[in-house]
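Structure first, commentary second.
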Amino acid sequence: MATFNALSETTGQVRVAVVATGVVSPLGFGLEETLNALRKATDCVTPVAGFDVTRCRCKTAAQISDQRLLGRHRNGRKNGRLHRAAHMMITALEQLSGQDSEFKPELSVIGTTSGGMSFGQDYYRALHRQRNLRRSPEWVANYPPQKPVLDAQDAFGISAPCRVIANACASGTNAVGHAFECVRSGKYQRVLTGGYDALSELVFVGFDCLQAATPEKCRPFDRDRSGMVLGEGAAVLALENFESARRRGARILAEIIGYGISTDNHHLTQPDPSGNGPRRAMEQALQSARITANEVDYINAHGTATPFNDAAEGKAITELFKDVPVSSTKSMIGHSLGAAGAIEAVVCLLALRAQFLPPNINFRNLDPNLALKIVANQSRKAKIDIALSNSFGFGGTNASILIRNAPA
Amino acid sequence: MSLHVAGAGWVTPLGGGVDEVWNRLLRGDEATTQTVSFGENHKSYSGFLVPNNALKNLPPHPRLRRASAISRFAAAAGLDAIAQAESKTSKIDMDRVALVFAASNGGVIYTKRFYDDIVKSGAQSASPLFFPETVFNAPASHLAAILGINGASYTIVGDGAVGILAMNMARDLLESEWIDFCLVVAAEEADWVLCDAYRKWRLVKTQPPIEPFCNPSRGTILSEGAGAVLLGREGSVKVSSINDGGNFSHQQEATNLIDRILHDLRSEPAFIIASANGTFVDFAERTAIQKQMPTSMVYSLKPALGESVGASAIWQVIIAAQALGKKRLPPMLHACERSGLQFATTSSHIGSNAIVLSCGLNQQAAGLRLSV
């Protein structure tokens, strides 16, 4: 039997294991489907089905099929009243519980950006038409952002207090990072973390009116990139004190080893073009893990494909890292906002376990101002031990986490 | 690690400034409601709104030029908390301050305006000016920019208990040697659409007063504002325990959860700043208090300031800290005399411990203990 150190050799702090995970995204439900779709470089972006986009510039998004998502969960009669996001969280948590039914969190830390927004929209549209308000109490009660999390916890008998982080598009990575710090501090043994967001008209139109969304393909870091495509989904990760996990014989999938957070005060919606904010988050993650930039084998970039984000992030990566493969999996699954960081943490975990680099699809020509080694268009085999995942959001919030493959 | 309140600030329907509002509460003042309406075809509601003069000390800053009301409230309260702390100690190094912003409904006014354009005129009419302000962390971003906080900044969302959850998160962040202080700010803005939504949820009444602990409950009235506490490792008021409680699936289960929280926090005699607001919360708190701490003095600020949802728990913390410092509690207004609880009066004896209970309207509850 392999031996493990309870404390990290590099930091001397408590090690934090990922013992189970669940994911639902346009790539598929669960780790196997997600891995297969990543390897095949699947483009999940399709015409928007859930609401009218005829007057929008962008008309596509990466979506999860309602037919598959809805009506398959254990909440009985309550099921029909749940928000789509709650179904996503339940689906992800069901997978996690299937992998490790003994995992009982003391705390949950979950990221979201828009909560149950579409119920707010339903309510407001019904109000505007002055009819069909019969369902308004359930819309109102299920609209708050903590509800999908509490519904999912309730479905699996989890009573842990819940911190719902709403740091815009960095929420998911902030949630995983904060959960990591909670376990690493020694104060908590087990923390459930992750993120969720379901596509909604208000948010879709919001990004469209800012001209941040593209009517074309999503091409992160490409010379001709023209913007983001929205997505949706949920992912959860079970974090546990490494020693506690080892003692109870839990399967260790990966380790979270570092976390960085920074705030740049440049603008509410635009990143500091210097890349200073993202750079500080990545540097802090490296310091937190006590590793050097040379030890990072793969970067899952925030990579929204907006001109400003990719320029700032690309500059920061170029300054910090040399020849590290970079991809933005948002090119395949769109930007799922509060879920993105959690889904991308799972993508990194899969990349580490299956030893491959997830692709950055729709890529044609590298932005000449960036010196990045893009994993262009196809996945490829690689030996990777440590992956960095970035998320940046409105409000100048920047977050980076470092994930290491589990010991063999 | 020892956790203390190093400074506080608030913006309330009774005005701004901790001492100013405190003195009004001691006098038994309650805020005046205003009519909150939306066109001619919809029912009007009463709301406790923040008067303009409560923001008179808010400095001009480019970030606040088009900012929502909730961002302004948060900025004013946060700046006051920092100023109060700096009046007692040296200047605070913002590189070593973390920010935790808490809200429940967030920037609902701009969200409504943004979506209203879409509903009435189509997506092409949506305003790029409003959309960024609809994001939950916009107030935190503005406050961080004004103060120069460039490290950890978190926005957490939840129901009325979110302020306590934010304080517990701050306690966790202060475990880091890189952080000296954590500024916890909670804010909410009131709007017709919220009043209507909570009314349809059968929680809101149309006219004051809020009458806590009545049976049956008679409904609450929404309010707005912000509260801020600067938490550090030193200060006159100690946060001796935080219990981030848990979640309840049904309103009936709230009683058991509050009972457990109170049981865990009751180690010494203490007065209780309850979250009773004229809804099902009152029954849960009354039952738990009668069982766990039947002789404790109880105060709820909701009749005076209204139910500000996301901001309310931090208001309660500020009230508790003030009461411990001043050895007085404001008089409890409009409470049901037959509830069996001991309500605060201006002559109430105040000990050295306070418990803040927060039972939210949407499944979360938490509590904490303060001491001097």
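Seen from B:Ala311, the other residues with C-beta closer than 10 Å to its C-beta sum to a net charge of -4, counting Lys and Arg as +1 and Asp and Glu as -1. Of the residues A:Glu255, A:Glu283, B:Glu86, B:Glu211, the one with the fewest other Cβ atoms within 10 Å heads the list, and the complete ranking is B:Glu86, A:Glu283, B:Glu211, A:Glu255. Would any residue of segment A:104-123 have its amide N under 17 Å from a label point 7 Å out along Cα→Cβ of A:Arg135? List them or say none. Counting only backbone N, you get A:116-123.
Once C-alpha pairs closer than 8 Å and six or more residues apart are averaged by separation and normalised to the residue number of segment A:16-405, the relative contact order reads 24 percent.
Here segment A:181-223 is scanned for amide nitrogen atoms under 20 Å from the site 7 Å beyond the Cα of B:Ser127 along Cα-to-Cβ, giving A:201-212.
Result for chain A in a Gaussian network model with C-alpha springs under 10 Å: among A:Arg290, A:Arg68, A:Arg190, the largest mean-square fluctuation is at A:Arg68.
As a test of the formula, what do you get for chain B when each DSSP H run with n ≥ 4 contributes -39,500 (n - 2.57) and the sum is divided by the residue count, at 222 nm and rounded to the nearest 500 deg cm²/dmol?
Using -39500 (n - 2.57) per qualifying helix, the result is -10000 deg cm²/dmol.
Convex hull of alpha carbon positions in chain B: directionally averaged projected area 17.4 nm². The distance between label points at B:Asn41 and A:Glu32 comes to 5.3 nm (points 7 Å beyond Cα on the Cα→Cβ vector). DSSP beta bridges fully contained in the protein assembly as shown are about 65 percent antiparallel.
With 10 Å bins beginning at zero, the pair-distance distribution over Cα atoms of segment A:190-300 amounts to 10, 25, 37, 20, 7, 0 %.
Taking the number of Cβ atoms within 10 Å of each Cβ as an exposure proxy, the fewest-first ranking of A:Cys348, B:Cys336, B:Cys359 is B:Cys336, A:Cys348, B:Cys359.
Counting Cβ atoms of other protein chains within 10 Å of each Cβ in B:119-128 and taking the mean gives 6. Dipole of segment B:4-371 computed with +1 at Lys/Arg Cβ and -1 at Asp/Glu Cβ about the Cα centre; of B:Ile261, B:His42, B:Tyr198, farthest Cα towards the positive end is B:His42.
Please list, by residue number, everything in segment A:185-218 whose backbone N is under 12 Å from a paramagnetic label point 7 Å out along Cα→Cβ of A:Arg125. Counting backbone N atoms under 12 Å from the label point, the list is A:200-202. Annotation: lysines with alpha-carbon distance below 23 angstrom to A:Lys315 (same-chain offsets under eight excluded): A:Lys217, A:Lys330, A:Lys373.
With a cut-off of at most 14 other beta carbons within 10 Å, and DSSP calling the residue loop, which trypsin sites (Lys or Arg not before Pro) in segment B:56-98 qualify? Please list them. Counting only loop positions with at most 14 other Cβ atoms within 10 Å, the trypsin sites (Lys or Arg not before Pro) in segment B:56-98 are B:Lys56, B:Arg65, B:Arg66, B:Lys91.
If each residue's Cβ is checked for other Cβ atoms within 10 Å, how do B:Lys302, A:Lys187, B:Lys112 rank with the fewest at the top? Write down the numbers at each step before the final one.
Numbers: B:Lys302 30, A:Lys187 15, B:Lys112 20.
Listed from fewest to most nearby Cβ atoms, that is A:Lys187, B:Lys112, B:Lys302.
The mean count of C-beta atoms from other chains within 10 Å of the C-beta of residues in A:207-213, rounded to a whole number, is 4. Rounded to the nearest 0.05, the FRET efficiency derived from the C-beta distance between A:Gln13 and B:Ser236 at R0 = 45 Å is 0.85. Counting, for every residue in A:140-151, the Cβ atoms of other protein chains within 10 Å of its Cβ and taking the mean gives 6.
The alpha-carbon of A:Lys187 sits under 24 angstrom from the alpha-carbons of these lysines, leaving out residues fewer than 8 places away in its chain: A:Lys104, B:Lys238. Beta bridges assigned by DSSP with both partners in chain A are antiparallel in approximately 70 percent of cases. Bridging of B:Lys120 to lysines at a Cα separation below 16 Å is possible for B:Lys112, once same-chain residues fewer than 8 apart are set aside. For chain B, taking a cut-off of 4.7 Å between Cβ atoms, the unpaired cysteines are B:Cys182, B:Cys195, B:Cys359.
Since every read-out is calculated from the coordinates, none of them should be taken as a lab result. A quick note: this is a predicted structure, and the numbers were derived from the prediction, not measured. We place every Cβ from the backbone using ideal geometry, glycine too, and count neighbours over all the protein chains shown.
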